[in-house]
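A.B. asks: Handing you this structure, nothing more for now.
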Amino acid sequence: MDFAGLEQRLARLEDDRAIRDLKARYLRACDTKDVETLRDTLLPEGAVIAYDGFPPFAGREAFVEVYRAMGCAPGVFDIHHGANGVITFETPERACGAWSLLFHSINLANRTLTLMGVEYEDLYVKQDGRWWIAETRSRRHSCLIHSVDERGSVTVSTMGEPPATFG
């Protein structure tokens with residue numbers, strides 16, 4: 001019996017699960033407005049965050065500040081449904097991930113309902129025994145924005161291509 005090969009396969013499965021849990025923690029932290037958990041998923045030094053519709057962020061702290069201002073604003077309710085994750089290992093300490101995302105947001109201040117289809121491409125690194133999101137990039141594929149007037153009447157303001165900037 002090849003115990004070394006079995007150990008490697010088991011370690012790969014455990015790492016795959018840890019990366020999937022990491023991405024789920026990130027998405028749930030976005031939805032629950034848990035800034036500290038969100039911060040703790042991103043590589044402390046040198047994280048690359050480049051989301052379509054936003055300027056690139058200079059590390060995790062710059063991203064967390066914008067997230068706190070936009071995502072944690074009163075009257076903003078978001079849901080990030082990540083699915084179809086594909087994890088590919090480059091080395092035992094480095095992996096790539098591709099994810100589909102359905103983003104739903106209710107913004108009471110802007111009186112908008114937004115649905116977007118997004119694709120993530122991530123790079124994960126294992127340091128000191130744990131996985132981090134080292135790079136995360138997104139590309140928006142589709143967008144549907146409804147505007148809601150004071151009477152509750154809904155108008156489609158964007159359908160198809162996402163606007164150039166988000167927010």
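No value in this document is a laboratory result; all are computed from the given coordinates. Model, not experiment: these values are computed from the prediction. Cβ sites come from the backbone with ideal geometry, for glycine too, and all protein chains shown count toward neighbours.
A.B. asks: Treat each spin label as a single point 7 Å out from the Cα along the C-beta direction, and report the HIS146 to ASP52 distance in nm.
C.D. replies: Simple spin-label model gives 2.3 nm for this pair.
A.B. asks: With the contact rule set at Cα under 8 Å and sequence spacing of 6 or more, what percent relative contact order holds for the chain?
C.D. replies: The normalised contact order for the chain reaches 19 percent.
A.B. asks: With r defined as the distance between the Cβ atoms of MET70 and ALA11 and R0 fixed at 41 Å, what FRET efficiency is calculated, to the nearest 0.05?
C.D. replies: Calculated value: 0.60.
A.B. asks: Once you charge only the Cβ atoms, +1 for Lys and Arg and -1 for Asp and Glu, what is the size of the charge dipole of the stretch 108-167 about its Cα centre, to the nearest 20 debye?
C.D. replies: On the way: 7 positive and 8 negative charges, 14 e Å.
Using only the charged Cβ atoms, the result is roughly 60 debye.
A.B. asks: Just going by the charge dipole of the stretch 3-160, with Lys and Arg at +1 and Asp and Glu at -1 on Cβ, which of GLY59, HIS146, ALA109 is farthest out on the positive end?
C.D. replies: Farthest along the dipole direction, towards plus: HIS146.
A.B. asks: So what's the angle, to the nearest 10 degrees on a 0 to 90 scale, between helix 3-32 and the longest Cα principal axis of the chain?
C.D. replies: 20 degrees
A.B. asks: Another question about this same structure. Which net charge results when you count Lys and Arg as +1 and Asp and Glu as -1 among the other residues whose beta-carbon is under 10 Å from that of VAL118? All intermediate terms of the calculation are to be shown ahead of the outcome.
C.D. replies: On the way: positive: ARG139, ARG140; negative: ASP52, GLU119.
Net charge in that neighbourhood comes out at 0.
A.B. asks: I've got another one for you. Expected output is a single nm value to one decimal: the length gained when fully extending between GLU121 and ALA4, i.e. 0.36 nm times separation in residues minus the C-alpha distance. What is it?
C.D. replies: Details: separation 117, 0.36 × 117 = 42.12 nm, distance 3.13 nm.
Here the segment from GLU121 to ALA4 would lengthen by 39.0 nm.
A.B. asks: Which of the listed residues, ALA47, VAL76, TRP132, is farthest toward the dipole's positive end in the chain, when Lys, Arg count +1 and Asp, Glu count -1 at the beta-carbon?
C.D. replies: Positive-end residue among those listed: VAL76.
A.B. asks: Calculate the dipole size of the stretch 1-66 relative to its Cα centre from +1 charges on Lys and Arg beta carbons and -1 charges on Asp and Glu beta carbons; express the result in debye to the nearest 20. Don't skip to the answer; put the middle values down first.
C.D. replies: On the way: 10 positive and 14 negative charges, 36 e Å.
Charge dipole, the stretch 1-66, about its Cα centre: 180 debye, nearest 20.
A.B. asks: With a point put 7 Å past each Cα toward its Cβ, work out how far SER153 is from ALA18 in nm, to one decimal.
C.D. replies: A separation of 5.7 nm, rounded to one decimal place.
A.B. asks: Computed from the coordinates I sent, Rg/Rh (Cα atoms, Kirkwood Rh) equals one of (1) 0.98; (2) 1.05; (3) 1.02. Tell me the label.
C.D. replies: Comparing each candidate, only (2) matches the computed number.
A.B. asks: Next up: With angles folded into 0 to 90 degrees, how steeply does helix 60-70 sit against the dominant principal axis of the chain? Use alpha carbons for both and round to 10.
C.D. replies: Value to nearest ten degrees: 30.
A.B. asks: Let me ask another. Compute, for the chain, the length of the dipole vector about the Cα centre, with Cβ point charges of +1 (Lys, Arg) and -1 (Asp, Glu) only. Units Debye, rounded to 20. Write down the numbers at each step before the final one.
C.D. replies: Numbers: 19 positive and 25 negative charges, 71 e Å.
Taking the Cα centre of the chain as origin, the dipole is about 340 debye.
A.B. asks: Another question about this same structure. Antiparallel versus total DSSP beta bridges in the chain: what percent is that, nearest 5?
C.D. replies: Details: 51 of 56 bridges.
About 90 percent, rounded to the nearest 5.
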